[in-house]
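What follows is a single structure, written as structure tokens, with notes after it.
The values are calculated or read from the model by the stated rules, or taken from the named source; none is laboratory data. All values derive from a computational prediction rather than experimental measurement. Every residue, glycine as well, gets a Cβ built from its backbone with ideal geometry; the counts of neighbours run over all protein chains shown.
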């Protein structure tokens with residue numbers, strides 16, 4: 001067992017965030033407060049510094065990764081990403097399986113919705129994650145890799161779909177109609193998370 | 001003395017994290033419990049909720065929270081994150097701090113804080129954007145002859161963009177949505193002219209004078225005033241106006257001695 005796969009997932013995500021931090025901050029500059037990339041980069045650097053070998057299994061590692069984000073990121077991203085990973089870790093299957101990983105990811109999404117109270121259409125990360133998990137479940141019968149690939153594709157489509165939306169949650173909501181026309185930064189970073197999963201978890 | 005016992009600083013424009021809030025809560029608890037004063041921003045509210053959950057589970061310290069949301073630039077509706085907490089927070093921290101210093105209990109302090117938040121409103125405007133150091137460029141673009149009305153305190157753009165106007169017109173633009181949100185007629189107020197960081201004090205006093213003239217005509221007596229840079233947005237040029245209805249108790253608490261890095265009088 002061990003936490004190798006979850007460790008690879010977080011390392012991949014940390015690299016994506018680092019390489020795209022300026023792009024994420026620039027999206028946030030347009031409809032938020034210009035700190036999403038730098039905040040996530042700070043948190044994921046701390047997660048990447050955790051040694052997966054120190055953890056008995058992926059669930060324990062992901063819970064610690066979530067707690068680390070809560071303690072280092074702040075803003076809305078810290079509680080939302082932190083809650084996601086703590087819930088995913090808490091529900092992680094004893095034996096890796098497509099169905100078990102799907103259940104864990106679903107628990108993470110439910111944690112985000114509970115914490116942030118966003119619904120589909122509010123122009124948030126929920127708009128990317130929700131279709132991603134629907135696609136995951138639909139493809140889960142074909143195995144973990146096929147399910148994660150389908151999830152990554154649907155996640156990216158959900159992310160692209162946030163561009164015309166008017167924000168109803170978070171700081172972008174203050175802009176009202178002026179928030180339309182910019183891709184949501186949270187939907188953008190969470191797509192990197194699911195794409196990283198598709199490269200590492202199967 | 002006489003104001004906040006602790007403040008948690010996050011990264012620039014980012015809510016602090018629950019670990020900091022927990023540490024501060026435990027450090028200042030004198031046994032009577034702790035009040036968290038939280039400005040209404042998605043991140044702050046979420047992190048303070050997590051801190052309160054941790055406090056209940058770990059430390060046994062009684063924690064109450066009051067969320068400030070006084071910014072009339074944001075419509076308080078189901079379709080937004082709600083009005084932002086801005087200028088009223090400063091007045092609330094001072095007055096509630098004085099009440100705690102007097103020895104009022106936590107329930108009375110919470111009720112007082114909610115009362116203050118309910119009878120104070122603010123509105124801000126900017127002549128320039130601000131520059132987050134880590135981003136290195138202005139948060140929004142604005143022309144030399146333009147102003148942004150209804151800005152937030154984290155570089156959030158405002159409700160409308162328009163050509164710059166005389167101070168008198170700006171004062172009217174800021175006061176109109178405040179006075180139409182709450183009826184202040186005949187109530188003494190604490191009037192707070194706040195700078196956003198890049199506006200000289202002389203211009204803030206000039207703006208205050210315009211506000212005072214309008215309030216005089218509207219029959220709203222100014223019981224006390226505060227002018228200066230307190231609720232700032234880095235290097236942003238601009239200001240916000242806050243009006244708080246102030247009865248005798250509030251004025252007495254406002255006048256009580258305070259000794260903090262930000263406010264100091266009577267001691």
### Task
Being more than 12 Å from the chain's Cα centre (by Cα) and either surrounded by fewer than 24 Cβ atoms within 10 Å (Cβ to Cβ) or more than 15 Å from residue B:87 (Cα to Cα) (or both) is the filter here, so list the residues in region B:228-245 that pass it.
B:228, B:234, B:235, B:236, B:237, B:245
### Message
So if I check each of A:124, A:130, A:163, which one is within 26 Å of residue A:40 (Cα to Cα), without any contact (Cβ under 8 Å) to a residue 40 or more places away in the chain and in a loop (DSSP other than H, G, I, E, B)?
### Response
A:163
### Message
For residue B:85, only one of the following conditions fails: (1) more than 10 Å from every other protein chain (Cβ to nearest Cβ); (2) in a loop (DSSP other than H, G, I, E, B); (3) free of Cβ contacts under 8 Å to residues at least 40 places away in the same chain; (4) under 20 Å from residue B:39 (Cβ atoms). What is its number?
### Response
(3)
### Task
For residues that are farther than 21 Å from residue B:92 by Cα and touching a residue at least 12 places away in the same chain (Cβ under 8 Å), scanning just region B:178-198, find the one that is nearest to the chain's Cα centre (by Cα).
B:198
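So which of A:146, A:202, A:156, A:140 ends up being over 30 Å from residue B:70 (Cβ atoms), in contact with a helix residue (DSSP H, G or I) (Cβ under 7 Å, 6 or more places away or on another chain) and at pLDDT below 95?
A:202
One line per residue, one yes/no per condition, for (1) within 17 Å of residue A:71 (Cβ to Cβ); (2) surrounded by fewer than 22 Cβ atoms within 10 Å (Cβ to Cβ):
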position	(1), (2)
A:9	no, no
A:16	no, yes
A:20	no, yes
A:23	no, yes
A:32	no, no
A:39	yes, no
A:42	yes, yes
A:47	yes, no
A:50	yes, yes
### Task
Check region B:93-108 and report whether any residue there is free of Cβ contacts under 8 Å to residues at least 60 places away in the same chain, under 26 Å from residue B:259 (Cα atoms) and crowded, with 21+ Cβ neighbours inside 10 Å.
no
### Task
Please work out which one of (1) surrounded by fewer than 24 Cβ atoms within 10 Å (Cβ to Cβ); (2) in contact with a helix residue (DSSP H, G or I) (Cβ under 9 Å, 6 or more places away or on another chain); (3) on the phi < 0 side of the Ramachandran plot is the condition residue A:56 fails and give its number.
(2)
### Restricting region B:45-57 to residues that are surrounded by fewer than 23 Cβ atoms within 10 Å (Cβ to Cβ) and touching a helix residue (DSSP H, G or I) at 6+ places or on another chain (Cβ under 7 Å), the residue that is farthest from residue A:75 (Cα to Cα)
B:55
### Query
Within region B:62-72, restricting attention to residues that are in contact with a strand residue (DSSP E or B) (Cβ under 6 Å, 6 or more places away or on another chain) and assigned to a loop (DSSP other than H, G, I, E, B), which residue is farthest from the other protein chains (Cβ to nearest Cβ)?
B:70
### Task
Check whether at least one residue in region A:16-36 is without any contact (Cβ under 8 Å) to a residue 40 or more places away in the chain and either more than 30 Å from residue A:182 (Cα to Cα) or in contact with a strand residue (DSSP E or B) (Cβ under 8 Å, 6 or more places away or on another chain) (or both), and report yes or no.
no
### Residue among B:131, B:80 that is touching a helix residue (DSSP H, G or I) at 6+ places or on another chain (Cβ under 6 Å), at pLDDT below 95 and at the interface with chain A (Cβ under 10 Å from one of its Cβ atoms)
B:80
### Message
Exactly one condition in (1) more than 12 Å from the chain's Cα centre (by Cα); (2) more than 8 Å from every other protein chain (Cβ to nearest Cβ); (3) touching a residue at least 24 places away in the same chain (Cβ under 8 Å) is false for residue A:73; which is it?
### Response
(2)
### Message
Any residue in region B:135-147 that is in the same structural domain as residue B:196 (by TED's automatic domain parsing) sitting within a Cβ distance under 7 Å of a residue that is surrounded by fewer than 17 Cβ atoms within 10 Å (Cβ to Cβ) and part of a loop (DSSP other than H, G, I, E, B)? List the pairs, counting only those 6 or more apart or interchain.
### Response
B:145/B:164; B:146/B:164; B:147/B:164
### Task
Identify the residue in region B:1-23 that is within 14 Å of chain A (Cβ to nearest Cβ) and over 22 Å from residue A:33 (Cβ atoms) and, among all such residues, is surrounded by the fewest Cβ atoms within 10 Å (Cβ to Cβ).
B:23
### Query
Can you find even one residue in region B:16-27 that is under 20 Å from the mean Cα position of the chain (by Cα) and either part of a helix (DSSP H, G or I) or touching a residue at least 12 places away in the same chain (Cβ under 8 Å) (or both)?
yes
### Summary
Filter region B:29-61 for residues that are farther than 30 Å from residue A:165 by Cα and assigned to a loop (DSSP other than H, G, I, E, B); the one that is nearest to the other protein chains (Cβ to nearest Cβ) is B:59
